[in-house]
Structures are given as structure tokens and as C-alpha cells.
Amino acid sequence: VQLVESGGGLVQPGGSLRLDCVASEIIHGIYFMGWYRQPPGKQREFVAKITPHGVTNYADSVSGRFIVRRDNDASAIYLHMYSLKPEDTAVYYCYAEDFRDRSTSWGQGTQVTVES
């Protein structure tokens, strides 16, 4: 599956952004999907995931501020980010894990910068 992210950009602290990830094939019932991010000079880290049945899980650092949703009809997931902090600055990557063979696909990444 191919994934295309969009929606990154520059935002002030306390602001909001929405990231979109659109898949090239049907995701319903097949793919676990979610987001990782890579801050400058750091390793990639888990942000959020959503199961084929809509169960979500979040990193402690974003819990209560970020919401991940999926639209199976659109073969897409979204990351709604609120109360953004400078430490949220990173390249955000969408991923999809096929439950049948555990293979994982990644998007190209989208930059989010939080600064005054």
C-alpha cells in the first residue's frame, strides 16, 4: 500500500493542525494505521495508532492533545493535533501495518514546526 501525507506546516505554540494520510487501497478490516514522528536530531518515535476496528492508542507525550481518526470509505486516517508545543516539532510519518503478513508501509513524511 502507498501512503501520502499532507497537512504539515508552521504553527505557533498553542495552535492546531490536522495531518492527513491517504492510502492507495482499501484499508477497512486490513490495516493497523498510525503515526510516528522524528524530531530534529532524534530517533523516530511512536505518536498514535488506530486498529482496523477503531481502537486508538497514544504516546504519553501527546495523549489528551492529539486525536487519530480513520475514514475507511476514504481509505484515510487523520491526526488532529491541538495545544501544540515546540517539542512537537518533527517530521511526521504515517504507517500502515497489514495484519495478514505484518508488513509495514510508510509515507514520505510531512514537516510540522511549532514556534513563535
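The values are calculated or read from the model by the stated rules, or taken from the named source; none is laboratory data. Since this is a predicted model, take the numbers as computed values, not measurements. Counting neighbours? That spans all protein chains shown, and the Cβs are built from the backbone with ideal geometry, glycine included. Surface accessibility is based on the protein's heavy atoms, side chains included, excluding ligands, DNA and RNA. Shrake-Rupley method; radii C 1.70, N 1.55, O 1.52, S 1.80 Å.
Annotations
- Cβ-Cβ contacts under 6 Å between residues 6 or more apart (or on different chains), taken from a first residue in the stretch 39-68 that is within 16 Å of residue 110 (Cβ to Cβ) and in contact (Cβ under 8 Å) with a residue 60 or more places away in the chain to a second residue that is open to solvent by less than 60 Å² (accessible area, probe 1.4 Å) and assigned to a loop (DSSP other than H, G, I, E, B), are absent.
- Check on residue 83, open to solvent by 40 Å² or more (accessible area, probe 1.4 Å), free of Cβ contacts under 8 Å to residues at least 40 places away in the same chain and polar (S, T, N, Q): no
- None of 70, 102, 65 is out of contact with any Cys (no Cβ under 6 Å at 6 or more places or on another chain), of a type in the set (Lys, Arg) and over 15 Å from residue 51 (Cα atoms) except 65.
So that you can scan it fast, the table gives a plain yes or no per residue for (1) closer than 16 Å to residue 8 by Cα; (2) in contact with a Leu (Cβ under 7 Å, 6 or more places away or on another chain); (3) not acidic (Asp, Glu):
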{"position": "46", "(1), (2), (3)": "no, no, yes"}
{"position": "73", "(1), (2), (3)": "no, no, no"}
{"position": "83", "(1), (2), (3)": "yes, no, yes"}
{"position": "100", "(1), (2), (3)": "no, no, yes"}
{"position": "103", "(1), (2), (3)": "no, no, yes"}
